[in-house]
Amino acid sequence: MNTQSQKVLIFDTTLRDGEQSPGAAMTLEEKIQIAEFLDEMGVDIIEAGFPISSAGDFAAVKEIARVVKNSTVCGLSRAGFKDIDAAGEALKGARRPRIHTFISTSPVHMKHKLQMGENAVLEAVGASVTRARNFTDDVQWSAEDATRTEKDFLCRTVETAIHSGATVINVPDTVGYSTPQEYFDIITMLRERVPNADKVIFSTHCHNDLGLAVANSLAGVLAGARQVECTINGIGERAGNAALEEIVMALRVRKDIMPYETRIKTQMLARASKMVSNVTGFPVQYNKAIVGKNAFSHESGIHQDGMLKNVETYEIMRPEDVGVNATSLVLGKLSGRHAFRDKLEAMGYHLDDTAFAEAFKRFKDLADKKKHVFDEDIVALVDDEIVRGHDAIVVKNLRVETGTNLLPGAELTLTVNGEDLRVKTTGDGPVDAIFKAIREIYPHAATLQLFQINAVTEGTDAQATVSVRLEENGRTVTGKGSDTDTMVAAAYAYVNALNKLLVKREKQAPEALTIAR
């Protein structure tokens, strides 16, 4: 491989490492939805999961391998043969399969996690890569905790992996310990010292514990790495991973010092961010680079004056480059089906006739309630429809009473398996009353872990988007709901989470399988 190639491969691990964020578990359907979007967006490699960890992860990798058309689909495995065989089996249907196998190499990990010496680790590296090559020619090997590994031993492990047939060598900063110069030096050292290093692709995988994941990843690229592992919104264990959108846009904006290309359709980045946020229930911070709500906002008078004279005074990229459109008031209650469909397609939504009909109905209902319908309202409306489109339990009617010197109450009707069930309850507040009503109609043992409200746009008539996270027997799900009535949105979100809990097929991986790369 020409290590001076001008192309940088984007390896997305949102569905694997990103899902390891506490509370970020996704259903099979949600994983497939995200995988298909990443495929369309131009991601080179999608790490779909860790097949040996659970029946749910195995099924997700297998199904994603079947539906993805262009991207390489990757399954993670430890060095054990059972892990590798499970990954190989799950990837059988992939057009471009990759097995990603790893083992710890740092002294602290080898002593306390593996209880293995250097020779045993080297033997495991060779055996695991050789085993993986029985399933596919595309094998990636990772040195877990590489940045805290002794340099000579790291070189020996990488040499062994290459000799055994690895085509990609990943150098993880597993605990977010490294700095850009240090990480640059590690990649440079490996490329200069390891025999046949020019025959493989070097990859970065940086965690964000010190806030340096993106900086370290880009330092790795400057040192010759030509694959970057990252996640949408930077989600991942602890402080997360390098953010895909930040990596891609940094490469695009700073071509003067990083003259490299990616395949990513950057106009889809904002939608990818919203999709992952909706599925996980993790909001995107307002000042988040690239996709945050304030990323292209200017309030300072000095900044506004400069922007009016020339946008380049304070903007180094255009909002439309990442799929952020200027807020528009194009649609209203008099808008017809054709205009609504055109708007959806312009925003990247392609709904079938049934989904479109329901979305249009909800749009008209919203237009009757709101004076202005913004693009953000339409995004929330359609995404909410997609989220709730297959719910078996449906909110039919809700009436809430609350106020000073009044015991809060909720009168709720749910349609459960085609039957309408009604109950009236009271609670400590209106939300508590609603959730008690849902529990009374459909008893369950799940506990509420998160209740979060975000306004879609400004104004007192803004839609509210509510996130609800439920946990039951080690299984965690997140539900979403949107409405101009916050209480209705809360009911939608809780019922959506409950539906996910009922159909969730994933079983939480045993503690022994927990990994932290």
Checklist entry - How many nm separate the modelled label positions at residue 345 and residue 320, each set 7 Å beyond the Cα in the direction of the Cβ? => result 1.8
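At a 10 Å Cβ-Cβ cut-off, how would you order 198, 321, fewest neighbours first?
On the way: 198 12, 321 17.
So the ranking, lowest neighbour count to highest, is 198, 321.
With viscosity set to 1.002 mPa s and temperature to 20 °C, compute the Stokes-Einstein D of segment 9-289, Rh being the Kirkwood radius across alpha carbon pairs; µm²/s, no decimals.
116
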Checklist outcome for this item: Here the longest stretch of the chain that holds no GluC sites (Glu not before Pro) in a DSSP loop having at most 11 other beta carbon atoms within 10 Å is 1-298
Checklist entry - Sorted from fewest to most neighbouring beta carbons within 10 Å, what does the list 350, 444, 372, 207 look like? => result 350, 444, 372, 207
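Can you check what the net charge comes to around residue 340, using other residues whose Cβ is under 11 Å from the Cβ of residue 340 (Lys, Arg +1; Asp, Glu -1)? Please list the in-between numbers first.
Working: positive: 337, 341, 343, 361, 362, 364; negative: 342, 345.
The answer is +4.
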Checklist entry - residue 139: net charge of surrounding residues, Cβ under 9 Å, Lys/Arg +1, Asp/Glu -1, itself excluded? => result 0
Checklist entry - With point charges of +1 on the Cβ of Lys and Arg and -1 on the Cβ of Asp and Glu, referenced to the Cα centre of the chain, which listed residue (398, 493, 114) lies farthest in the positive direction of the dipole? => result 114
Checklist outcome for this item: Zone reached by a paramagnetic label modelled 7 Å from residue 445 Cα along Cα→Cβ, restricted to segment 452-474 with backbone N below 14 Å, covers 471-474
Checklist entry - What value, in deg cm²/dmol to 500, does the helix sum -39500 (n - 2.57) over DSSP H runs of n ≥ 4 give at 222 nm once divided by the residues of the chain? => result -12000 deg cm²/dmol
Checklist entry - How many nm is it between the label spots at residue 368 and residue 134, if each spot is 7 Å from the Cα in line with the beta carbon? => result 6.4
Checklist entry - Could you give me the ³J(HN,Hα) list for segment 105-117, computed from phi with Karplus coefficients 6.51, -1.76, 1.60 and θ = phi - 60°, whole Hz, x at Gly and Pro? => result 10, 7, x, 5, 6, 5, 6, 9, 9, 9, 6, 10, x
Checklist entry - If we count other beta carbons within 10 Å of each Cβ, what is the order of 152, 57, 420, fewest first? => result 152, 420, 57
Next on the checklist: Could you derive backbone 3J(HN,Hα) for segment 223-231 from the dihedral phi with the Karplus parameters 6.51, -1.76 and 1.60 (θ = phi - 60°), listing whole Hz in sequence and x where the residue is Gly or Pro?
Outcome noted: 7, x, 5, 10, 9, 10, 8, 7, 9
Checklist entry - At 10 °C and 1.306 mPa s, what whole-number value in µm²/s does Stokes-Einstein give for the translational diffusion of segment 390-503, with Rh from the Kirkwood sum over Cα pairs? => result 112
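Pull out the extension gain between residue 108 and residue 422, defined as 0.36 nm times the separation in residues minus the alpha carbon to alpha carbon distance; nm, one decimal. Display every interim value, and only then the final one.
Values: separation 314, 0.36 × 314 = 113.04 nm, distance 5.82 nm.
In short, 107.2 nm is gained.
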Checklist outcome for this item: Scoring segment 175-223 by relative contact order with C-alpha pairs under 8 Å, at least six apart, yields a percentage of 57
Checklist entry - Which whole-number percent is the relative contact order of the chain (Cα, under 8 Å, 6+ apart)? => result 13
Checklist outcome for this item: At q = 0.15, 0.16, 0.17, 0.29 1/Å the base-10 log of I(q)/I(0) from the Debye formula over the alpha-carbon atoms of segment 435-491 is -0.48, -0.53, -0.59, -1.14
Checklist entry - Excluding same-chain residues fewer than 8 positions from residue 293, which lysines have a Cα within less than 16 Å of its Cα? => result 274
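Work out the length of the dipole vector of segment 1-121 about its Cα centre, built from +1 on the beta-carbon of each Lys and Arg and -1 on the beta-carbon of each Asp and Glu, and round it to the nearest 20 debye. Let's see the in-between values first.
Numbers: 14 positive and 16 negative charges, 80 e Å.
In total the dipole reaches around 380 debye.
Based on Cβ point charges of +1 for Lys and Arg and -1 for Asp and Glu, what charge dipole magnitude is obtained for the chain about its Cα centre, in debye rounded to the nearest 20? Before the final figure, lay out the partial values.
Numbers: 60 positive and 71 negative charges, 135 e Å.
Rounded to the nearest 20 debye, it is 640 debye.
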Checklist entry - Taking amide hydrogens as modeled 1.01 Å from N in the peptide plane, which residues meet the under 5 Å criterion relative to residue 49, leaving out close sequence neighbours? => result 76
Next on the checklist: Can you give me the long-range amide H partners of residue 104? Hydrogens built in the peptide plane at 1.01 Å from N, cutoff under 5 Å, separation of 5 or more residues or another chain.
Outcome noted: 144
Next on the checklist: On a straight-distance basis, which lysines could pair with residue 69 in a cross-link, Cα separation under 17 angstrom, same-chain partners fewer than 8 positions away excluded?
Outcome noted: 31, 92, 265
Checklist outcome for this item: So, relative contact order of segment 9-289 in percent, Cα under 8 Å, 6 or more apart, is 18
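Sum up the lysine pairs in segment 326-386 that clear both bars: alpha-carbon distance under 12 Å and a spacing of 8 or more or different chains. Before the final figure, lay out each step's value.
Details: 333/361; 333/364; 333/369; 333/370; 333/371.
Count of close lysine pairs: 5.
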Checklist entry - Taking amide hydrogens as modeled 1.01 Å from N in the peptide plane, which residues meet the under 5 Å criterion relative to residue 9, leaving out close sequence neighbours? => result 227, 228
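At a Förster radius of 41 Å, what calculated FRET efficiency corresponds to the Cβ-Cβ distance of residue 460 and residue 118, to the nearest 0.05? Numbers along the way, then the final one.
Working: r = 65 Å, r/R0 = 1.59.
So, using R0 = 41 Å, E works out to roughly 0.05.
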Next on the checklist: From the phi angles alone, apply the Karplus equation (6.51, -1.76, 1.60; θ = phi - 60°) to segment 86-95 and give each ³J(HN,Hα) in whole Hz, x where the residue is Gly or Pro.
Outcome noted: 5, 5, x, 5, 5, 8, 3, x, 6, 5
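Using a Förster distance of 22 angstrom, determine the FRET efficiency expected from the C-beta separation of residue 452 and residue 432, and round it to 0.05.
0.90
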Item to check | Where only C-alpha atoms are counted, convex hull volume of segment 321-463 per residue in Å³ | outcome: 152
Item to check | Length added when fully stretched, residue 185-residue 29, from 0.36 nm per residue minus Cα-Cα | outcome: 52.0 nm
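Taken together, the values in this text are just the output of simple stated rules run on the coordinates, not laboratory data. This one's a predicted model, so the numbers in the text were calculated from it and none came from an experiment. Virtual Cβ from ideal backbone geometry, glycine too; neighbours counted across all protein chains shown.
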